[in-house]
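Okay, so here's the structure we're looking at.
The values are calculated or read from the model by the stated rules, or taken from the named source; none is laboratory data. Just so you know, these numbers come straight off a predicted model, no measurement behind them. Because the Cβ atoms are built from the backbone with ideal geometry, glycine has one as well, and the counts that use them run over all protein chains shown.
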Amino acid sequence: MNMPEKTESVVTIPSLQGKKDRRERIVALTAYDFPSALILDRAGVDIVLVGDSLGMVVLGYENTIPVTMDEMIHHTKAVSRAVKRALVIGDMPYFSFHQTEELTIANASRFLKEAGARAVKVEGASDRRLGLIAAMVEAEIPVMGHVGLTPQSIHHLGHFRVRGGDEDEARKIIEDARKLEQAGVFAVILECVPEDLAGAITKTLRVPTIGIGAGPLCDGQVLVFHDLVGFSGDDHPKFVKRYADVQSVIRQAVIQYADEVRKGIFPDESHTYHPQKKAKS
Ligand code: KIV
């Protein structure tokens, strides 16, 4: 059997646990396509999450509810083709894990068998969901949990807002995170929760916590790639830090291209093919 050439730097579920144990921070970002996944992987990001946020970020849906399994598989395949080192995680879209255990496992296994992901992520921690998570783990499908703000619950919640602001809600979120760990998840996303709550969960859990809008006390951080590089419109939540303004760069390039085409400046000689001139003998 051929052994892989170099495995020591490939991110695995045990290596993520090792990072938490050594108190090394875990770096996660979303990606939805080949070129951005290539950049993330080459930059040394540990987790590339193909989030169902792709519905809003790259497909133009109002929320994540319409995202289908086929859309998730399509984008996860593109990401997996690019990624050599990071752990690729496919996000289970709304209604892919809400029916039978059989259907849930069939959907989750598509991420591993068809799309090249090495784990899936599931929102929520109801008793029924915990049973489904345990069944996926038993079927050798690593699962990441997700509590706090769970965008697939948008119609219940009414709007996206910080969760765990009062004692009852905070207690429930800690309890949910503990139950997820008991069900076998290898990490938990904490979305839009107060810093103290995220810190308490991070201390309580053995598995890593990955925060988004959850302050600095988590074991790792995740952001939506398009938010980070400024390619997702002008409005963004408080927790987003913009490290670039890619939107302006692209807009300027397109304006200049249009101007040059209209003025006959592009294409010029250097961008035009000519038959090869024969060398004189
Ligand atoms: O869908 C997504 O991108 C996510 C992250 C924001 C955690 O769930």
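Taken together, the criteria exclude Ser53 from residues that are surrounded by 15 or more Cβ atoms within 10 Å (Cβ to Cβ), over 21 Å from Leu149 (Cβ atoms) and in the same structural domain as Val224 (by TED's automatic domain parsing). Restricting the range 135-153 to residues that are hydrophobic (A, V, I, L, M, F, W, C) and not in a helix (DSSP H, G or I) leaves a set whose member that is nearest to Glu123 (Cα to Cα) is Val147.
In this structure, Phe266 does satisfy being outside the structural domain of Tyr32 (by TED's automatic domain parsing), surrounded by 11 or more Cβ atoms within 10 Å (Cβ to Cβ) and either out of contact with any strand residue (DSSP E or B) (no Cβ under 7 Å at 6 or more places or on another chain) or under 29 Å from Asp46 (Cβ atoms) (or both).
Counting the residues of the range 202-212 that are away from the ligand (no atom under 15 Å from the Cβ) and in contact with a strand residue (DSSP E or B) (Cβ under 6 Å, 6 or more places away or on another chain) gives 2. The condition (being farther than 25 Å from Leu149 by Cα, away from the ligand (no atom under 16 Å from the Cβ) and either part of a loop (DSSP other than H, G, I, E, B) or in contact with a strand residue (DSSP E or B) (Cβ under 6 Å, 6 or more places away or on another chain) (or both)) is satisfied by just one residue among Ser15, Ser9: Ser9.
Does Ala106 count as in contact with a strand residue (DSSP E or B) (Cβ under 9 Å, 6 or more places away or on another chain) and not hydroxyl-bearing (Ser, Thr, Tyr)? No.
The rows are residues; the columns are (1) touching an Asp or Glu at 6+ places or on another chain (Cβ under 8 Å); (2) farther than 24 Å from Gly220 by Cβ; (3) among the small types (Gly, Ala, Ser).
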| residue | (1), (2), (3) |
| --- | --- |
| Leu29 | no, no, no |
| Glu62 | no, yes, no |
| Gly90 | no, no, yes |
| Glu102 | no, yes, no |
| Ala115 | no, no, yes |
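Considering Ile250, Ile189, Ile174, Ile210, the condition of being part of a helix (DSSP H, G or I), hydrophobic (A, V, I, L, M, F, W, C) and assigned by TED's automatic domain parsing to the domain that holds Asp52 is satisfied by Ile174 alone.
Output the number of the condition that Gly230 fails; it satisfies all remaining conditions of (1) out of contact with any helix residue (DSSP H, G or I) (no Cβ under 7 Å at 6 or more places or on another chain); (2) of a type in the set (Gly, Ala, Ser); (3) part of a loop (DSSP other than H, G, I, E, B). Gly230 satisfies every listed condition except (1).
Candidates Val240, Val193: the one that is within 11 Å of the ligand (Cβ to nearest atom), modelled with pLDDT of 95 or more and either of a type outside the set (D, E, K, R) or under 19 Å from Gly145 (Cα atoms) (or both) is Val240.
Just one of (1) assigned to a loop (DSSP other than H, G, I, E, B); (2) within 12 Å of the ligand (Cβ to nearest atom); (3) without any contact (Cβ under 8 Å) to a residue 60 or more places away in the chain fails for Glu62. It is (2). Somewhere in the range 121-131, is a residue closer than 22 Å to Ile13 by Cα and away from the ligand (no atom under 16 Å from the Cβ)? Yes. In the condition set (1) part of a helix (DSSP H, G or I); (2) within 16 Å of the ligand (Cβ to nearest atom); (3) of a type in the set (S, T, N, Q), Gln182 is compliant with all but (2). The C-beta contact set for the range 110-133 (first residue farther than 10 Å from Ser80 by Cα, second residue buried (at least 19 other Cβ atoms within 10 Å of the Cβ) and charged (D, E, K, R), distance under 6 angstrom, 6+ apart or interchain) comprises Lys121/Asp91; Ala125/Asp176.
Listed here are the residues, each with its yes/no results for (1) closer than 24 Å to Leu205 by Cα; (2) part of a helix (DSSP H, G or I); (3) outside the structural domain of Val48 (by TED's automatic domain parsing).
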{"site": "Lys84", "(1), (2), (3)": "no, no, no"}
{"site": "His98", "(1), (2), (3)": "no, no, no"}
{"site": "Phe111", "(1), (2), (3)": "no, yes, no"}
{"site": "Gly164", "(1), (2), (3)": "yes, no, no"}
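In the condition set (1) touching a helix residue (DSSP H, G or I) at 6+ places or on another chain (Cβ under 9 Å); (2) modelled with pLDDT of 95 or more, Arg128 is compliant with all but (1).
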